[in-house]
Each structure stands twice: as C-alpha cells, then as structure tokens.
Amino acid sequence: MKTITKEFYVCEICGHEYEDEKQARDCEGRQITQDKGISVGDKVLITGGDGCGSLGLVKSVFVIDKYWGHYAWKRYWHTIAISADIIGSYGTRMLTFDDYERETTTTNAEQT
C-alpha cells in the first residue's frame, strides 16, 4: 500500500480548501459583504422562497464560499448567510442576504 499526503490551504474566512497557497490568500483578500448584523437567536422576516412572509429564528450565521450556488457564485462569494427555523412550522431555511431582513417590531405608541 502507498500513502499519499496532500497539502491544502484553507481560506480562514469561508473555509474553502485550495491546493495552491496563492488562491487561498486571494480568497482571504475578498471582503465579507451583506452583513446585516444578525446574530444567533434573532428573529428575521423571510422575504423570498419557501416560508416567504414568515418569521424565522436564527440558528447559525456563516460565510458562503466561492462555489455556493452553481448559477451565481460571484454574487454570493463571501456574503453572510443564515440558517433559521421557520416559526410556527417544522421547516428550517438557509437564507442568503436577499431572502431575509431583520424583524422590526413597533409598539402602538411608536405608530402614532
């Protein structure tokens, strides 16, 4: 049996693995975009796709790597995404920046 060891370089922002150090450093050079300041435990309004119009409870916040979304990878590369449980349902959604917004609540006093 022959053992082969491969060395990979990992972008410390999105976790994508590269065989070349320069590619990993170039990836790390890309800024994180579309950060809406959402944290685990926040409620968000789902604005697109399944559950549109429902509230979601944020379970995780992460950065998308360069190969997420086979149709528009450059649009989402190093953007913030979240995983949220749909409130009042059994479903969970992975939401990109264009599928959610921070839930805003207003009191009756604020509406007058």
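The values are calculated or read from the model by the stated rules, or taken from the named source; none is laboratory data. All figures in this text were calculated on a predicted structure; none of them were measured in a lab. Cβ coordinates were reconstructed from backbone atoms using ideal geometry, including for glycine residues, and neighbour counts include every protein chain displayed.
Could you look through the stretch 1-24, keep only residues that are out of contact with any strand residue (DSSP E or B) (no Cβ under 6 Å at 6 or more places or on another chain) and not in a loop (DSSP other than H, G, I, E, B), and pick out the one that is farthest from Leu57 (Cα to Cα)?
First pass over the stretch 1-24, keeping only residues out of contact with any strand residue (DSSP E or B) (no Cβ under 6 Å at 6 or more places or on another chain): 1-7, 11-12, 15-16, 19-20, 22-23.
Narrowing further to those that are not in a loop (DSSP other than H, G, I, E, B): 22-23.
Details: Lys22: 38, Gln23: 35 Å.
Looking at residues that are out of contact with any strand residue (DSSP E or B) (no Cβ under 6 Å at 6 or more places or on another chain) and not in a loop (DSSP other than H, G, I, E, B), I get Lys22.
Looking at (1) more than 12 Å from Glu101 (Cα to Cα); (2) surrounded by 12 or more Cβ atoms within 10 Å (Cβ to Cβ); (3) modelled with pLDDT of 95 or more; (4) not small (Gly, Ala, Ser), which one does Lys22 not meet, given that it meets all the others?
(2)
Within the stretch 85-103, track down each residue that is touching a residue at least 24 places away in the same chain (Cβ under 8 Å) and more than 11 Å from Ile38 (Cα to Cα). Walk me through how you get there before you give the answer.
Start the filter on the stretch 85-103 by keeping residues that are touching a residue at least 24 places away in the same chain (Cβ under 8 Å), which leaves 85-89, 91-93, 95-103.
Those that are touching a residue at least 24 places away in the same chain (Cβ under 8 Å) and more than 11 Å from Ile38 (Cα to Cα): Asp85, Ile86, Ile87, Gly88, Ser89, Gly91, Thr92, Arg93, Leu95, Thr96, Asp98, Asp99.
Given the criterion surrounded by 14 or more Cβ atoms within 10 Å (Cβ to Cβ), of a type in the set (A, V, I, L, M) and closer than 16 Å to His16 by Cα, identify the matching residue among Ile87, Ile82, Ile64. Let's see the steps before the verdict.
Numbers: Ile87 fails: closer than 16 Å to His16 by Cα; Ile82 fails: closer than 16 Å to His16 by Cα.
Going through Ile87, Ile82, Ile64 in turn, the sole match is Ile64.
Please specify each residue of the stretch 17-74 satisfying the condition of being in contact with a Lys or Arg (Cβ under 8 Å, 6 or more places away or on another chain) and among the acidic types (Asp, Glu).
Matches in the stretch 17-74: Glu19, Asp42, Asp50.
Looking only at the stretch 83-96, decide whether some residue is of a type in the set (Ser, Thr, Tyr), closer than 23 Å to Cys14 by Cα and not in a strand (DSSP E or B).
Looking only at the stretch 83-96, we keep the residues that are of a type in the set (Ser, Thr, Tyr), and these are 83, 89-90, 92, 96.
In the following step, the residues that additionally are closer than 23 Å to Cys14 by Cα were identified as 83, 92, 96.
Still in the running and not in a strand (DSSP E or B): none.
No: zero hits.
Taking the criterion of being modelled with pLDDT under 90 and either surrounded by fewer than 16 Cβ atoms within 10 Å (Cβ to Cβ) or in a loop (DSSP other than H, G, I, E, B) (or both), would at least one residue in the stretch 25-33 satisfy it?
First pass over the stretch 25-33, keeping only residues modelled with pLDDT under 90: none.
No, that holds for no residue.
Name every residue in the stretch 19-77 that is touching a helix residue (DSSP H, G or I) at 6+ places or on another chain (Cβ under 7 Å) and either small (Gly, Ala, Ser) or without any contact (Cβ under 8 Å) to a residue 24 or more places away in the chain (or both), in order of residue number.
If the condition is that a residue be touching a helix residue (DSSP H, G or I) at 6+ places or on another chain (Cβ under 7 Å) and either small (Gly, Ala, Ser) or without any contact (Cβ under 8 Å) to a residue 24 or more places away in the chain (or both), then Gly48, Gly49, Trp68, Gly69 are the ones that fit.
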